[in-house]
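The structure under discussion appears below in the form of structure tokens.
The values are calculated or read from the model by the stated rules, or taken from the named source; none is laboratory data. Here the structure is a predicted model, which means the values were calculated and not measured. Here the Cβ positions follow ideal geometry from the backbone for every residue, glycine too, while neighbour counts run over all protein chains shown. With ligands, DNA and RNA removed, areas are computed over all heavy atoms of the protein, side chains included. Shrake-Rupley method; radii C 1.70, N 1.55, O 1.52, S 1.80 Å.
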Amino acid sequence: MPARLPSWIWVTGLTVGAVAAVGALTVQAERGPHPTAAVGRPSASASAAPGAKASATPKASASPAATGVPEASGSGRRIVYDLSDHRVWLVDADDTARRTFTVWPGTVAPVPGTYTISVRKDATTGSDGVAIEHIIYFSVVSGVNIAFSNAVDGASPPPAAADAQTGGIRMPKADGAALWAFGDLGTKVRVVE
């Protein structure tokens with residue numbers, strides 16, 4: 001009858017195997033596709049304003065050329081957010097829109113003007129209890145942080161309670177990844193009406 005191995009050997013073997021598996025997956029992920037800002041992705045078009053019902057199936061986004069960057073949005077490399085259309089543009093230094101998509105705004109809107117990205121956070125839990133990622137903060141209104149983000153599962157936000165104070169501007173997952181790749185610290189954000 002073979003001798004029985006001590007339990008610490010089993011634990012060590014399992015640990016070494018797990019570390020090797022994580023290493024292999026990391027190498028595979030590094031070689032895989034990475035998010036890029038592309039034109040014409042489907043995106044959201046519903047509002048999470050009080051009393052509004054958020055759509056679970058976003059409409060397809062129009063091409064950047066079809067929607068056109070708002071004239072009063074400044075110039076140079078920037079993120080443009082149109083409050084009335086619930087639309088965002090990622091604009092290159094030569095004023096060409098790389099991507100445009102609609103978003104689900106929170107209940108607290110930023111004041112029109114020019115801001116810069118001040119904080120980026122990989123992931124957290126939103127004030128509505130939803131796991132979110134690609135959080136890009138650019139303003140504060142009456143103590144409420146205003147930030148772009150997307151739900152980790154890509155879903156639209158639930159309708160906000162009538163008295164909720166939410167500053168999250170949500171978008172589908174692919175659009176959140178594109179905005180995250182485009183919006184570094186210090187990138188201009190131009191809010192227009």
Which is farthest toward the positive dipole end of segment 117-193 among P158, G126, L185, measuring Cα position about the Cα centre, with Cβ charges +1 (Lys, Arg) and -1 (Asp, Glu)? L185
Give the separation of the Cα centroids, segment 150-193 to segment 84-99, in Å. 15 Å
Ignoring everything but the protein chains, give the 1.4 Å probe accessible area of E133 in square angstrom, nearest 10. 30 Å²
Nitroxide proxy distance, nm - points 7 Å out along Cα→Cβ at D184 and A72: 3.1 nm
When the accessible area of segment 123-183 is split by element with a 1.4 Å probe, what percent falls to carbon and sulfur? 54 percent
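So for segment 53-193, averaging the separation of alpha carbon pairs under 8 Å that are six or more residues apart and normalising by length, what relative contact order in percent results?
On the way: 317 pairs, mean separation 41.2, N = 141.
Answer for segment 53-193 is 29 percent.
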Prolate/oblate/rounded label for segment 58-181 (Cα gyration tensor, a/c 1.5): prolate
Any idea what the alpha-carbon Rg over 2.2 N^0.38 Å comes to for segment 117-174? 1.05
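Give the accessible surface of segment 66-188 per residue, rounded to a whole number of Å², with probe radius 1.4 Å and ligands, DNA and RNA excluded. Can you show the working numbers first?
Working: 5120 Å² over 123 residues.
Accessible area per residue: 42 Å².
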